[in-house]
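Remarks on the structure that follows.
The numbers here are math on the coordinates, done by the rules we state, and not lab data. Quick caveat: nothing in here was measured; it's all calculated off a predicted structure. We place every Cβ from the backbone using ideal geometry, glycine too, and count neighbours over all the protein chains shown.
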Amino acid sequence: MKKAVILLSGGLDSAVALYLAKQQGFELYALSFDYGQRHNRELEAAKAIAEKAGAKEHQVVSLKLDKWGGSSLTDSAMEVEDGDVDRADIPVTYVPARNMVFLSVAASLAEAIEAQDIFIGVSQVDYSGYVDCRQEFIESMEKTINLGTVMGAEQNRPIKIHAPFVNKTKAEEIQLGAELGVDFGLTWSCYRGGEKPCGTCDSCLLRAKAFAEAGVTDTAL
């Protein structure tokens, strides 16, 4: 069975990506990060999702990006602002180079276990304007990974980054997740953490909008 590393935050996008990799016949190696995020409640969600999907392994890597902050998700002195699904600017919840860091670690794990596939659940359609969710970035990272790994540069075994939702809406993604049997009730999206979703941050608003458009009940609420 082919192996795949799946970036699993515990949120909606990564959960569907995990189940898609499973449906495509990959052995699942889930990878989550404790990066000092205020919404580390998502790590509990990631563990539950990985277990239910039957992942071969689920690793949580500690990175502690809160050492220098720069985002309201990692800096306790900054507030998570209320969301705006029509915003044109990049919100303060953007974590500097987060997906660049995550994909680099995923590449290291992939090469260590000889996996040629990495899954990430980013979208450049329904998202908060994050620059590291765009297709151009994903394509560039894939090229860089293959220049910087023995598998890619010397062994002609390139590592592919799968970003299956990069040009899909969240509603389309939810419909796919429902078909794949994703338990949405296990997922966590809220940026503010806590016991229940706040319902007003960017992530909560985008999630609510997507479930409404998909005509699917959000069982996490």
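One table, with the values for the structure above:
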read-out: Folded to 0 to 90 degrees: helix 41-53 orientation relative to the chain principal axis, Cα; value: 50
read-out: Fluctuation leader among ASP82, ASP126, ASP34 - the chain, Gaussian network, Cα springs under 10 angstrom; value: ASP82
read-out: Selection from GLY36, ILE159, VAL122, by position along the positive dipole direction of the chain (Cβ); value: ILE159
read-out: Angle between the chain longest axis and helix 170-180 axis [Cα atoms, degrees, rounded to 10]; value: 60
read-out: Two-site label geometry, VAL150 and THR217: point separation in nm, points 7 Å out along Cα→Cβ; value: 5.3
read-out: Principal-axis tilt of helix 202-214 within the chain, Cα atoms, nearest 10 degrees; value: 90
read-out: Cross-link partners of LYS47 among lysines (Cα-Cα below 29 Å; sequence separation of 8 or more within a chain); value: LYS2, LYS3, LYS22, LYS56, LYS64, LYS67, LYS160, LYS168, LYS170, LYS196, LYS209
read-out: Pairwise label distance in nanometres, VAL105 with ALA88, each label 7 Å out on the Cα-Cβ vector; value: 3.6
read-out: The range 101-221: equivalent-ellipsoid semi-axes (sqrt of 5 x gyration tensor eigenvalues, Cα, Å); value: 31, 14, 14
read-out: Computed Rg/Rh of the chain, alpha carbon atoms with Kirkwood Rh; value: 0.94
read-out: Rounded FRET efficiency, nearest 0.05, which uses the C-beta distance separating GLU179 from ILE113 and R0 of 25 Å; value: 0.30
read-out: FRET E, pair LYS52, LYS196, Förster distance 30 Å, beta-carbon r, rounded to 0.05; value: 0.90
read-out: ASP117 long-range amide H proximity, modeled H, under 5 Å; value: VAL5, LYS160
read-out: Helix-only [θ]222 nm of the chain, DSSP H runs n ≥ 4, -39500 (n - 2.57) each, per residue, nearest 500; value: -11500 deg cm²/dmol
read-out: Net charge, ALA48 excluded, C-beta distance under 12 Å - Lys, Arg +1, Asp, Glu -1; value: -1
read-out: Simple Cβ-charge dipole of the range 37-178, Lys/Arg +1 and Asp/Glu -1, about Cα centre, in debye nearest 20; value: 400
read-out: FRET E, pair LYS209, SER140, Förster distance 41 Å, beta-carbon r, rounded to 0.05; value: 0.90
